[in-house]
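Novice: Just dropping this structure here.
The values are calculated or read from the model by the stated rules, or taken from the named source; none is laboratory data. Note that the structure is a prediction, hence the values are computed from the model and not measured. Every residue, glycine as well, gets a Cβ built from its backbone with ideal geometry; the counts of neighbours run over all protein chains shown. These area figures cover heavy atoms from the full protein model, side chains too; ligands, DNA and RNA do not enter into them. Shrake-Rupley method; radii C 1.70, N 1.55, O 1.52, S 1.80 Å.
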Amino acid sequence: SFRKVKVAEEGDQERSEKPIAIIVHGLVSSISDSYFSLFDYLQKDHEVYGFEYFTVDERISDSGKLLAGEVNDLKKKYPDKEILVIAHSMGGLVSRSAISRYGAAIDQLIMAGTPNNGSLLIAVPILARLCLVVNGAFGGGRNSIKSKDFWDLVRVEKLRAFEDLANDSGFVSELNSTDILDSDKKYFAITGKYLGQPNDILVNIDNMITVNEIKMPHISTTWNHFNYYEGEEVEN
């Protein structure tokens, strides 16, 4: 569930002094070549890891528990290092669950396209399945779909991650009631504007930047939901 994306070229001593960055992918996705622009930028100043997990028929909180375990193992090994998590879409909810429910020692969290108040699309399961199967099978890049996730989409009647991700789910309500934003919460949101609209195709900007009607620090970019963290704009 947890592995290095690449081995940094620098020597062990230099790596040991770098803070840690962990990339967490989103729904029906994996750590694939679409994240390499982000990796190349991060590795200048961080030791970079990627968190792989099943995304379709697993509870988001269970994935959060796995992430918290790996983060806290790293913190025990490197107690003086700061840990930054950079997440995409549902990966932001996995990361927030790891922090609020399982005490993950994450110092900063950057989320791109995360539906912090749940997803309206997922609330229509038939449409969501169709979009994700087609995009996962033919989209490539960020949406390189794991075989288990693909067959879960096709075969399983009720998908647990879908239930959690829906905008009216008990998971989203519980997460937002316990994960309270305040000045000490180091959360940051990256939002995309598709054709200048107040959404990134799938998620409304207000959904990305607010929890319990409190706004977190954020910035808008030209990315859409399917190409966050790609290309030269990573440096910007």
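Novice: Quick one: how many residues across region 31-63 are in a loop (DSSP other than H, G, I, E, B), within 17 Å of Leu93 (Cβ to Cβ) and either open to solvent by 40 Å² or more (accessible area, probe 1.4 Å) or not β-branched (Val, Ile, Thr) (or both)?
Specialist: 6
Novice: Could I ask something else about it? Looking only at residues that are touching a residue at least 40 places away in the same chain (Cβ under 8 Å) and assigned to a strand (DSSP E or B) in region 176-206, which one is most open to solvent (accessible area, probe 1.4 Å)?
Specialist: Within region 176-206, the match that is most open to solvent (accessible area, probe 1.4 Å) is Phe188.
Novice: Are any of the residues in region 159-174 within 16 Å of the chain's Cα centre (by Cα), open to solvent by 50 Å² or more (accessible area, probe 1.4 Å) and in contact (Cβ under 8 Å) with a residue 24 or more places away in the chain?
Specialist: no
Novice: Glu163 - would you say it is at pLDDT 95 or above and not aromatic (Phe, Trp, Tyr)?
Specialist: Answer is no for this residue.
Novice: For region 207-227, what are the residues that are assigned to a strand (DSSP E or B), open to solvent by less than 70 Å² (accessible area, probe 1.4 Å) and either touching a Pro at 6+ places or on another chain (Cβ under 6 Å) or not hydroxyl-bearing (Ser, Thr, Tyr) (or both)?
Specialist: Val211
Novice: Is there a residue being open to solvent by 20 Å² or more (accessible area, probe 1.4 Å), among the aliphatic types (A, V, I, L, M) and assigned to a helix (DSSP H, G or I) anywhere in region 64-85?
Specialist: yes
Novice: Oh, and also: Of the residues Gly118, Gly140, which single one is modelled with pLDDT of 60 or more, out of contact with any His (no Cβ under 7 Å at 6 or more places or on another chain) and of a type outside the set (Val, Ile, Thr)?
Specialist: Gly118
Novice: Now a separate question. Which residue pairs have Cβ atoms closer than 8 Å, lie 6 or more positions apart in sequence or on different chains, and pair a first residue in region 72-95 that is closer than 11 Å to Thr114 by Cβ with a second residue that is basic (Lys, Arg)?
Specialist: Matching pairs, first to second residue: His88/Arg142.
Novice: How many residues does region 86-117 hold that are under 21 Å from Phe162 (Cβ atoms) and in a loop (DSSP other than H, G, I, E, B)?
Specialist: 7
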